[in-house]
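The values are calculated or read from the model by the stated rules, or taken from the named source; none is laboratory data. Bear in mind the structure is a predicted one, so any value in this text is a computation, not a measurement. Every residue, glycine as well, gets a Cβ built from its backbone with ideal geometry; the counts of neighbours run over all protein chains shown. Protein only, heavy atoms only, side chains kept; ligands, DNA and RNA dropped before computing areas. Shrake-Rupley method; radii C 1.70, N 1.55, O 1.52, S 1.80 Å.
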Amino acid sequence: MKLSNFKLALLSPESLYNRAVNQVYKSKIDLIHFSFLESPVLRAKLLNRISNENCKIVDYCNYLSNIDTSQTSLAYTIPTANIIQNFFSDLNQNDRLYDTIVEIDQSIPETEATKPQIELFLRTLKEDFELRSGINYDQDTKTRIGNAQAKIEELCQKFSAPLTYDSRVILFPSQLYEKLPANLQKIIDTNMDLQQPLNQKVIKARFYYNQLMSLFLTTDLATSREMFHICLNYNKEALFHLADIVFVRARLADYLGFENFLDFQLLSSTTWKYSGELPENVSKKVKEFVDKICNEMKALASTTVKDLTALTGEQDLQLSDIFYLRNKHLNAERYFEGETYQLKKVLEYLNKTMNHYFDFHIEYELPTPAGSKLDSSILVKVINNKTKEVKGYIFLDVFTRENKADLIQQYFLQAGANVSMKASNPVYQRPIFSINCSAHQLDKENPLSTPLSYQSMKTIVHEFGHSLNNILVSHEYQLVSNTIPVDYAETMASIFEKICLDPASLNSFFEHENKNLADYQHKKMLFHPWSILEQVFYAKLDIEMHSLVEKGNNLKLPAKELQDIYVRALNETFDGIEGFNVKAYEKDSWYTNVEHLSSYGGQYSAYLLAESYSEKFVREIKSQDPETSSQAIKKLRRIFTEAHSKSIFDELWTN
């Protein structure tokens, strides 16, 4: 594949903006032609083309705005995405277009070979109209829905910007700064705002969230506690802003006829929409699932308290201590000291895993001379072993460069789809993804020799699982490929990660010493219930925040109410663990994954599902019994290609 085939990658941000303006104009012309088409199949194909061309621009804008933090780029990418989003909003409230889609759905000939694919596409389209835009409501309500959606988008952009692009200002006591080792002082010096201390007692610095957390994880226990309080204040500011988003989400849910935003999210963005359950039953069952996991993990956590106390030498454990200990003692670099994961070997490992478990393999091309952002990435081709067909492409954007955000994420660039208007001559658009992760020790002479830390390698593996899942589940129609339920997506990526990061497999392939493996496994089991309880806490907080009801503009979400929600979630999660009590000051703190609570609002339970399902499933895959393992691998290959069915819902939520 030549990069010129993905034309958006060759455009400057300004040219991309002009492309969006022209694309919306072209789409409006296509809609005029649409009204003259008699064939329901051709009408569906034209709608697919309109959706595809516009979504590609939005997806690429999202990619650029996240990985290129320069003001020049952001000045165009966000307005460009808004042009397309406004066009989609207008379409989704077009009564005539909706009526035509219903008509197409009812008039597809029974003899049409692609009838199931078309029906799934039209069902996905109708969800946009009915669930997200309130097409069946009066014009006044539709206007309020559109305004609420625009406001949420605006608030989310404002919320994300200081967290990811500009980062936040943190105040460090000089006394704490002096306690830190030289390498950590250097990090603070580098991030000092205007390179000047605020005064003799306080240092003012800007940090990405991950940079800040890494500071207190690499200190001693006493210093980490002080650093932890700085992180808590950092999160507190972010959560107050999140309250504004929660308020408008509750209002949107009310406009759309839902009791709360939690019901709306579960029935519009997860596999629960295939369950056939009423909204109130869905929320109830998800809460019961979270509570069940919580009670199981509390019982396990109680058995670990004595061992954790022994690790610290402290009799009075704090929540921050457990987080600190988990990262200190469950860090692969500690067990494989001096070992790194060479990028070439990581690619070979992914290839071996895919061959064995999926009957696919990968081939890759090295970066080309500097041009577009994608030119500096490794191009990975995902290939079917039997047919030798390239199913999709993944760009590994792992090298540092100017203005590149230090974020770890996977991005859609284009979804899989048949873009031909002729049934006799299909033209398949292969899916393309990018995985962003910076390797800070780049070997410029030989990029494939670049060493990766365990954390960077783990991130690449998890995000690769997302990309592989999207490639294997790709559909004839772009919108179907582009709308994979969140709980399904996170579960598939979690399965792939656990398959790859099995310590015994890693040790064998990367030729690490096995002497520390037993200790690693012991520590993993020690911290496992606490890691799950952390996710339980996030899920409970997310559920209660998005269960708030807005009736007649009566909902208010002041800081005090948000604090009460936080404390209840904290108490429900950690109360009852023998030998451990949440301290009073911790209930006034804000140790919370604010980014995920924003982007996954109302569906954070997907992470718990992914963790619990994948843990059990991978045990079967890795089973010593050949029959059990063989059957699990067959199921793995099947469920990695399914995303939109009652059977996949049953598989995930009943197991």
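Consider residue 249 carefully, then state whether it is in contact with a Gly (Cβ under 7 Å, 6 or more places away or on another chain) and either surrounded by 19 or more Cβ atoms within 10 Å (Cβ to Cβ) or at pLDDT below 80 (or both). Considered against the rule, which asks whether it is in contact with a Gly (Cβ under 7 Å, 6 or more places away or on another chain) and either surrounded by 19 or more Cβ atoms within 10 Å (Cβ to Cβ) or at pLDDT below 80 (or both), residue 249 comes out as yes. Which residues, counting only those in the range 539-567, are modelled with pLDDT of 90 or more and of a type in the set (Ser, Thr, Tyr)? The answer is 547, and nothing else.
Kindly provide the set of residues from the range 74-90 that are touching a Leu at 6+ places or on another chain (Cβ under 6 Å) and farther than 15 Å from residue 158 by Cα, ordered by number. Across the range 74-90, the qualifying residue is only 80.
Sub-7 Å Cβ pairs linking a first residue in the range 281-296 that is without any contact (Cβ under 8 Å) to a residue 24 or more places away in the chain and of a type outside the set (Phe, Trp, Tyr) to a second residue that is part of a helix (DSSP H, G or I) and open to solvent by less than 70 Å² (accessible area, probe 1.4 Å), at least 6 apart or interchain, are 282/263; 282/266; 282/267; 282/272, ordered by first then second residue. Could you tell me how many of the residues in the range 446-471 are more than 21 Å from residue 495 (Cα to Cα), open to solvent by less than 20 Å² (accessible area, probe 1.4 Å) and of a type in the set (S, T, N, Q)? So the count comes out to 1.
Here is a check on your reading of the model: is residue 386 more than 15 Å from residue 469 (Cα to Cα), charged (D, E, K, R), open to solvent by 70 Å² or more (accessible area, probe 1.4 Å) and at pLDDT 95 or above? So residue 386 passes the test.
Tell me, please, whether a residue that is part of a helix (DSSP H, G or I) and within 20 Å of residue 74 (Cβ to Cβ) can be found in the range 20-39. There is at least one residue in the range 20-39 that is part of a helix (DSSP H, G or I) and within 20 Å of residue 74 (Cβ to Cβ).
Sub-8 Å Cβ pairs linking a first residue in the range 246-261 that is assigned to a helix (DSSP H, G or I) and aromatic (Phe, Trp, Tyr) to a second residue that is at pLDDT below 90 and open to solvent by 40 Å² or more (accessible area, probe 1.4 Å), at least 6 apart or interchain, are 247/556, ordered by first then second residue.
Let's see how each residue does on (1) in a helix (DSSP H, G or I); (2) modelled with pLDDT under 90; (3) not basic (Lys, Arg):
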position: 289; (1), (2), (3): yes, no, yes
position: 292; (1), (2), (3): yes, no, no
position: 298; (1), (2), (3): yes, no, no
position: 301; (1), (2), (3): yes, no, yes
position: 311; (1), (2), (3): yes, yes, yes
position: 314; (1), (2), (3): no, yes, yes
position: 317; (1), (2), (3): no, yes, yes
position: 326; (1), (2), (3): yes, yes, no
position: 357; (1), (2), (3): yes, no, yes
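Go through the range 27-56 and give me each residue that's in contact with a helix residue (DSSP H, G or I) (Cβ under 9 Å, 6 or more places away or on another chain) and farther than 24 Å from residue 117 by Cα. The answer is 28, and nothing else. Does residue 178 satisfy being at pLDDT 75 or above, exposed (fewer than 13 other Cβ atoms within 10 Å of the Cβ) and more than 27 Å from the chain's Cα centre (by Cα)? Yes: the conditions hold for residue 178. Please verify whether residue 276 is outside any helix (DSSP H, G or I), modelled with pLDDT under 95 and farther than 25 Å from residue 141 by Cα, treating the condition exactly as stated. Criteria met by residue 276.
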